[in-house]
Amino acid sequence: MKKSWQSKLFDMFNTVVLGVFASTTVLPFLYVLACSFAPEKEILSKPFFIIPSEVHLRSYKYIFSSPTLPRAFLVSLFITISGALTAMFFTLTMAYPLSKKYLVGRNVLLGLVTFTLVFGGGMIPGFLVIKSLGFINKYWALILPGALSTWNLLVVKNFFQELPQEMEDSARVDGCSALGTFLRIVLPLSMPVIATFTLFYAVGYWNDYRSALLYTTNNKMWPLQLVLRQIILMAAGNIDGATFDEAYTQPPLESVKNAVIVFGTVPILAVYPFLQKHFVKGIMIGAIKG
Amino acid sequence: MAEMSAGIKIKNKRKKQGYKLRQIKKDLWLYILVIPGLLHFIVFKYLPMWGILIAFKDYNAYLGFFGSPWVGFKQFTDFFTSPEFGRLFVNTLTISFYNLIFGFPAPVIMALMLNEIRKQWYKRTIQTLVYIPHFISWVIIASLTYTLFNSQGVINKYIAAMGNEAVPFLTSADTFRPLIIGQTIWKETGFGTIIYLAALAGIDVQLYEAAVIDGANRFKQFWHITLPSIKGTIITLLILRMGHILDNGFDQLFLMSNSLNRSVSEVFDVYVYTMGITRGAFSFSTAVGLFKSLIGIVLIYSSNRLAKAAGESGIF
């Protein structure tokens, strides 16, 4: 069938608009990356570029000359790994029993769980709970509260529900306990889902700055995101408050600021290809019976 | 006769209870598995809900949760009569409203546009790129915004090159809202398309084939087949969205607000933080938070009723 001219015009418009939007998602990163290597003069004079005229490693050397950022990086890494593992433990162990329709008391449990989707205690009561547990300035405060997302729990529960029950039944008949069935039959079948949600939780922990803002006062415990905020936004006078590391408020080194942004972005972009492989599927499992 | 049937009923009940007990015993491991997650829910979700009670008290750290005196609705009346209330309410609703009318349709439109792309490699490339911002933290996004929009940033360099005066995007009350909505659209539009693209992929191809035979052009196919097929998905997501209409993202607004744009940037979420964590007015800020969540519940239920009244399935 021949296309009408309107149809062709629309296709052209469509292609261009999507292309422009998509390029706005990468151009800022490329610019920041270029700036982190570029000489100071170039950043101040040229409005936009993605290939620096000269390549300097000065700003990266500067970052590593103070322990602040490398330490924050390690803190974030620790919180991300231990957080994602803890969260998967809570999510998998709770989702499996909830996926069994014959479980006595299941509806009560599910009611308790889904209610938290529409209502929550809010920031201050949450803070008081953490405080009375004695978690202020403890890494527990940065790991435990986020270790079970209701939404993720329900999606994983739906996934378990879709698994063929016959396999589990035959394992039970052969004398396998419910725990054994879960560990030896169900978990090995769920590897794609486990990968998806481990990555989701990991990204959540890596990007989180609110927990550290609320529950820690000791800046040596701060994860990368909170330190980045301090360096870029507060040193920029964007938010009133004191800065804690003189090294980064010294001469307004634009290239250093850009290198700091790169430092905080690269880990996410590094796992993005793995994430992308999984998250579409992860969302679909949830969409089947949301 | 009556006694007898009552006896049978009791016997049946006992039998049922016995069956239940046996069932529980058989599934003992399942109950043990539930314990860690259940404890998590109790400690981190339900204890804070119980803690909401301090909104009706005058909380004092020395007297503690139980020792602090009850004050009824004092915190609420204090809040409603405070000069901040009107400003917070307007700021919160305005940002929510703009996010709803600009941010909600954006992924629908983008999904429909992606759906019309015939070159698969182009579609896949676009998708790969537009999903990225969803995974980038607000701190990084605020930093990028700073780099691009500060007085010597990329945008202002172009404005200067055209001979115009620099625009103080980051510190002006006029540019704050567009900047916030722009950030949200940039971050979430691409990721939001996933669910609509799935709905679009589920449309029966035969419908289009039949439409072509009947002489429907591309626009007619879009209007009579594509759009009606994803209407349900759009409505479901709209209802879910209504419940969170007043949560305009603490993480984002806290980073973007500063003393120069406070007149438009202060919203309920940020105010709760400032009053509660920074100034220690725990009871007052809990009352503010509770007021916000209650509006959210009312909105989610009423939009659900509305959707049902309009003949849609709703979410509960």
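The values are calculated or read from the model by the stated rules, or taken from the named source; none is laboratory data. None of these values were measured; they are calculated from a predicted model. Note that each Cβ is placed from the backbone with ideal geometry, even for glycine, and that neighbours are counted across all protein chains shown.
Some points to look at:
- Cβ-Cβ under 8 Å pairs, at least 6 apart or on other chains, the stretch A:183-205 side within 18 Å of A:Met94 (Cβ to Cβ), far side modelled with pLDDT under 90 and of a type in the set (Lys, Arg): A:Thr196/A:Lys281
To keep it simple, each residue is scored yes or no on (1) among the β-branched types (Val, Ile, Thr); (2) away from chain B (no Cβ under 11 Å).
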| residue | (1), (2) |
| --- | --- |
| A:Leu133 | no, no |
| A:Ile136 | yes, yes |
| A:Phe159 | no, yes |
| A:Glu166 | no, yes |
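- Taken as a whole, the condition of being under 23 Å from A:Arg229 (Cα atoms), touching a Phe, Trp or Tyr at 6+ places or on another chain (Cβ under 9 Å) and within 13 Å of chain B (Cβ to nearest Cβ) does not apply to A:Tyr60.
- Residue in the stretch B:70-84 that is in contact with a helix residue (DSSP H, G or I) (Cβ under 6 Å, 6 or more places away or on another chain) and free of Cβ contacts under 8 Å to residues at least 12 places away in the same chain present: no
- Identity of the residue in the stretch B:238-263, closer than 21 Å to B:Ala309 by Cα and facing chain A (nearest Cβ under 10 Å), that ends up surrounded by the most Cβ atoms within 10 Å (Cβ to Cβ): B:Gly243
- Whether a residue is of a type in the set (Lys, Arg) and within 24 Å of B:Ser257 (Cα to Cα) was assessed, and B:Arg218 does not pass this test.
- Candidates B:Phe89, B:Phe44 - the one that is in a helix (DSSP H, G or I), assigned by TED's automatic domain parsing to the domain that holds B:Met242 and among the hydrophobic types (A, V, I, L, M, F, W, C): B:Phe89
- Near pairs, Cβ below 9 angstrom, 6+ apart or cross-chain, from the stretch A:136-162 (at positive phi) to any residue that is assigned to a helix (DSSP H, G or I): A:Asn137/A:Tyr215; A:Asn137/A:Met221
- Taken together, the residues in the stretch A:118-128 that are surrounded by 20 or more Cβ atoms within 10 Å (Cβ to Cβ), among the hydrophobic types (A, V, I, L, M, F, W, C) and free of Cβ contacts under 8 Å to residues at least 12 places away in the same chain amount to 2.
- Among the residues of the stretch B:123-149, those identified as touching a helix residue (DSSP H, G or I) at 6+ places or on another chain (Cβ under 9 Å) and more than 7 Å from every other protein chain (Cβ to nearest Cβ) are B:Lys123, B:Thr125, B:Gln127, B:His134, B:Trp138, B:Ile141, B:Thr145, B:Phe149.
- Index of the failed condition, B:Val272 passing every other in (1) facing another protein chain (nearest Cβ under 7 Å); (2) within 25 Å of B:Asn150 (Cα to Cα); (3) touching a Ser or Thr at 6+ places or on another chain (Cβ under 8 Å): (2)
- For the stretch A:265-278, filtered to residues that are over 12 Å from the mean Cα position of the chain (by Cα) and in contact (Cβ under 8 Å) with a residue 24 or more places away in the chain, the residue that is surrounded by the fewest Cβ atoms within 10 Å (Cβ to Cβ) is A:Phe274.
- Leading residue by the ranking (farthest from A:Trp222 (Cα to Cα)) among those in the stretch B:161-186 that are modelled with pLDDT under 90 and facing chain A (nearest Cβ under 9 Å): B:Ala161
- Members of the stretch B:204-228 that are surrounded by 15 or more Cβ atoms within 10 Å (Cβ to Cβ) and modelled with pLDDT under 90: B:Ala216, B:Arg218
- Looking across the stretch A:187-236 at every residue that is at the interface with chain B (Cβ under 9 Å from one of its Cβ atoms) and not in a helix (DSSP H, G or I), the one that is nearest to B:Leu255 (Cα to Cα) is identified as A:Tyr209.
- Scanning the stretch A:91-113 for residues being in a helix (DSSP H, G or I) and surrounded by 13 or more Cβ atoms within 10 Å (Cβ to Cβ) gives a total of 13.
- Filter pass, B:Leu30 being in a helix (DSSP H, G or I), at pLDDT below 90 and more than 27 Å from the chain's Cα centre (by Cα): no
- Among (1) within 8 Å of another protein chain (Cβ to nearest Cβ); (2) modelled with pLDDT of 95 or more, the one test that A:Trp140 misses: (1)
- Looking across the stretch B:94-124, the residues that are among the aliphatic types (A, V, I, L, M) and without any contact (Cβ under 8 Å) to a residue 12 or more places away in the chain come down to B:Ile101, B:Ile109, B:Met113, B:Ile117.
- Qualifying residue in the stretch A:30-38 (condition: more than 13 Å from chain B (Cβ to nearest Cβ), within 24 Å of B:Tyr146 (Cα to Cα) and among the hydroxyl-bearing types (Ser, Thr, Tyr)): no
- For the stretch B:105-127, a residue qualifies if it is surrounded by 14 or more Cβ atoms within 10 Å (Cβ to Cβ) and either within 14 Å of B:Ile180 (Cα to Cα) or charged (D, E, K, R) (or both), and the qualifying residues are B:Glu116, B:Lys123.
- Tally, over the stretch A:45-83, of residues that are over 16 Å from A:Gly264 (Cα atoms), assigned to a helix (DSSP H, G or I) and free of Cβ contacts under 8 Å to residues at least 12 places away in the same chain: 1
- Some residue of the stretch A:46-61 being of a type in the set (Asp, Glu), surrounded by 13 or more Cβ atoms within 10 Å (Cβ to Cβ) and at pLDDT below 90: no
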